[in-house]
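The values are calculated or read from the model by the stated rules, or taken from the named source; none is laboratory data. A quick note: this is a predicted structure, and the numbers were derived from the prediction, not measured. Positions of Cβ are backbone-derived with ideal geometry, glycine not excepted, and every protein chain shown enters the neighbour counts. In case anyone asks, the SASA skips ligands and DNA or RNA and just uses the protein heavy atoms, side chains included. Shrake-Rupley method; radii C 1.70, N 1.55, O 1.52, S 1.80 Å.
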Amino acid sequence: MCTVVTQWAADEPLRILAVRDEFAARPFDPPGAWWPDQPTVIGGRDRLAGGSWCVSDINTGVTALVLNRRERRDGTPSRGVLPLAAVSAGESWPDQVEHRQMASFNLVLAAPSGVTVWTWDAAELRRQELPPGQHMMTSDGVDADNPKTSRFAPLFKTRPWYDVITGTQPSDDPAALVVRHEVEGNIYATVFGQLITAATGAITIASSTTPWIHGSWTQQSWPQSPASDC
């Protein structure tokens, strides 16, 4: 996961944009109830490690997302356990997961009551509670001073998020929202996009494996309703 945008204010539905960048050959499943021990949790599933980059709990309206950082690129266990632990344990997730041997990450916990971000830089775990409003997270952190945030944060504040992401094209530009480039003979690219609207007892997810393409998005809601075009 390389880009997350959250919009939270009291008495309003929580809105989240999640853009996942990953090696294109790594298999994954679309959002669904993949974890029998957490039957109210919906998210995409990484087929190799069994975890997720982004999950939402229908009952609580809480969404948790993990973004990779640069300090440590390798580690065990998989960071895909983090979103599942966070939607289950909430802010006490560090007591449930041994994170110190993991590769570095940012973990976003977005709830109807507010948004909190933890940063593990392979040396220290830091917690940041975000003020109401819109925030953009990348591998560099929250509202970071980097080219991607400088380019896109103003657009997300003034235009519909769907229009912003479908108005881009895959690029190897470090400031791109939708990426595609070669890494040692493998393609690393934007492989999934999600627009999540969450409230206690209800989750709606519009998603696409080619999020830059108009008409490629589909929408689904939980409790379950028929899928429809977005």
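Filtering the stretch 67-93 to residues that are open to solvent by less than 40 Å² (accessible area, probe 1.4 Å) and either free of Cβ contacts under 8 Å to residues at least 24 places away in the same chain or closer than 14 Å to Arg127 by Cα (or both) leaves Ala85, Ala86, Ala89, Gly90, Trp93. Just one of (1) at pLDDT 95 or above; (2) within 13 Å of Cys2 (Cβ to Cβ); (3) of a type outside the set (S, T, N, Q) fails for Pro174. It is (1). For Ala202, the conditions (1) touching a strand residue (DSSP E or B) at 6+ places or on another chain (Cβ under 8 Å); (2) at pLDDT below 95 all hold with the exception of (2).
Residues that are of a type in the set (A, V, I, L, M), closer than 13 Å to Gly80 by Cα and over 10 Å from the mean Cα position of the chain (by Cα) within the stretch 103-120 comprise just one, Ala103. Any residue in the stretch 71-78 that is more than 25 Å from Gln220 (Cα to Cα) and in a strand (DSSP E or B)? Within the stretch 71-78, not a single residue is more than 25 Å from Gln220 (Cα to Cα) and in a strand (DSSP E or B). Taken over the stretch 1-44, the criterion of being in a loop (DSSP other than H, G, I, E, B), under 27 Å from Ala189 (Cα atoms), more than 15 Å from the chain's Cα centre (by Cα) and not aliphatic (A, V, I, L, M) is satisfied by Arg26, Pro27, Trp34, Trp35.
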